[in-house]
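Taken together, the values in this text are just the output of simple stated rules run on the coordinates, not laboratory data. If you're wondering where the values come from, they're calculated on a predicted model, not measured in any experiment. Every residue, glycine among them, receives a Cβ derived from its backbone with ideal geometry; neighbour counts consider all protein chains shown.
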Amino acid sequence: MQVTILGCSGGIAADLRTTCLMLDTDILIDVGTGAGDLTRNEMLQIEFVFLTHSHLDHIALLPMLANMAGPGREEPLIVYALPETIAILREHVFNFHLWPDYTVLPSVKNPYLIFKKIKIGETVELGGRKITPLPVLHPVPAVAYQLDNGKGSFVFSGDTSYHEPFWSALNSIPNLRYLMIETNYLDHDMQNSKAAGHMRPELLAQGLKGLRSPIQLLITHLEPGNEDSIMAEIEAIAGEFAPQRLTRGQVFAL
């Protein structure tokens, strides 16, 4: 099992892409602007998408992925998400106003896209890979994901503030190897961090203190312009975990 980082920034610029992970060659976890670096042939290989939540930086290219890949595929793209996330996408994106509704196009019997509902704690197994939604805390309904091939697990937090059930879930994973977690704000920016439902270094350190498994700590979703400062704060209070700032293009194998 291989995880490729296509996007891991909290914003966009010429060299920044928002959240998108590729699991092997057929699964995307979120479809931020990082998905735009895939070739058309690579897009055609994507069979499944798992969404953490409905915010634009995590779903921005899903409509265009359906549009690009749909005509070249025999089977629809299957998108797994919380019921609340699906409802938001149906109302605000795939509504024939912002974008065509590819859940009924080109026909109801042969759409480009199918939504499937997920529940926290209920595992989806695809070709020996187990993908399990985990609880997080964000202003809209959201999940993290555990990606498990039996040999090891890679957990991606999605967007979250400090949430005890999330850290408890991590401690229940016996083969946890990688933790990819967002830290968007500096510690002094407590008000914005709380309002936006994002992590800051102090909250990250609070969670890590109770973590019982040795992990490789991967930091994502840093606020553009403050990346170095946020990483310095993380290293100052959680340096024993050797935190690594993610960059797009990195590959992690399990």
Karplus-derived 3J(HN,Hα) from phi for the range 184-189 (6.51 cos²θ - 1.76 cosθ + 1.60, θ = phi - 60°), whole Hz, x at Gly and Pro, runs 8, 10, 6, 5, 6, 8
Filtered hits (aspartates and glutamates, Cα-Cα < 17 Å from Lys117, offset >= 8 within chain) -> Asp30, Glu47, Glu84, Glu91, Glu125
Exposure-ranked with fewest Cβ neighbours within 10 Å first, Met68, Met43 stand as Met68, Met43
Between Asp26 and Arg73, the two model label points (7 Å from Cα along the beta-carbon direction) sit apart by a distance in nm of 1.2 nm
Amide H proximity to Phe115 below 5 Å, modelled H, separation 5+ or other chain, gives Val79
Expressed in angstrom and rounded, the centroid-to-centroid distance over alpha carbons for the range 4-44 and the range 190-254 is 20 Å
Spelling it out for Leu222: with amide H atoms placed in the peptide plane at 1.01 Å from N, the residues 5 or more places away or on another chain with amide H under 5 Å from its amide H are Gly10, Thr183
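Could you pull out the trypsin sites (Lys or Arg not before Pro) across the range 115-195 that fall in loop regions by DSSP (anything but H, G, I, E, B) with no more than 13 other Cβ atoms inside 10 Å?
Passing both the DSSP loop test and the Cβ count: Lys119, Lys151.
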For Rg and Dmax of the Cα atoms in Å, with candidates (i) 22.1, 70; (ii) 17.5, 56; (iii) 19.2, 70, the value calculated from the shown model is option (ii)
Restricting to lysines and to Cα separations under 26 Å from Lys209, and discarding same-chain partners fewer than 8 apart, the set is Lys151, Lys194
Everything considered on the Cα gyration tensor (a ≥ b ≥ c; rounded for a/c under 1.5, else prolate if a/b is larger than b/c, else oblate), the range 149-254 must be described as prolate
With DSSP loop assignment and no more than 16 other C-beta atoms within 10 Å, the GluC sites (Glu not before Pro) in the range 100-195 are Glu122
With the 8 Å Cα cutoff and a minimum separation of six or more residues, the range 2-253 has a relative contact order in percent of 17 percent
Contour minus Cα-Cα span, Lys116 to Val140, at 0.36 nm per residue, comes to 6.8 nm
Any residue on another chain or 5+ positions along whose placed amide H is under 5 Å from the amide H of Gly7 is listed here as Cys20
Here FRET efficiency (C-beta to C-beta, Ala13 to Ile237, R₀ 25 Å, nearest 0.05) is 0.35
For the chain, the longest principal axis of the Cα atoms and the Cα long axis of helix 83-92 enclose an angle in degrees, to the nearest 10, of 60 degrees
Taking 0.36 nm per residue of separation between Thr39 and Asn226 and subtracting their Cα-Cα distance, the length gained on full extension comes to 64.3 nm
Helix 227-238 sits off the longest principal axis of the Cα atoms of the chain, rounded to the nearest 10 on a 0 to 90 degree scale, by 50 degrees
With x for Gly and Pro, the residue-by-residue ³J(HN,Hα) of the range 99-115, computed from phi through the Karplus equation 6.51 cos²θ - 1.76 cosθ + 1.60 at θ = phi - 60° and given in whole Hz, is 7, x, 8, 7, 7, 10, 10, x, 7, 4, 7, 9, x, 7, 9, 10, 8
Mean Cβ-within-10 Å packing, highest first, puts peptides 85-91, 248-254, 2-8 in the order 2-8, 85-91, 248-254
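How would the range 201-254 be classified by its alpha-carbon gyration tensor: rounded, prolate or oblate, with rounded meaning a/c under 1.5 and the a/b versus b/c comparison settling the rest?
In terms of gyration-tensor shape, oblate.
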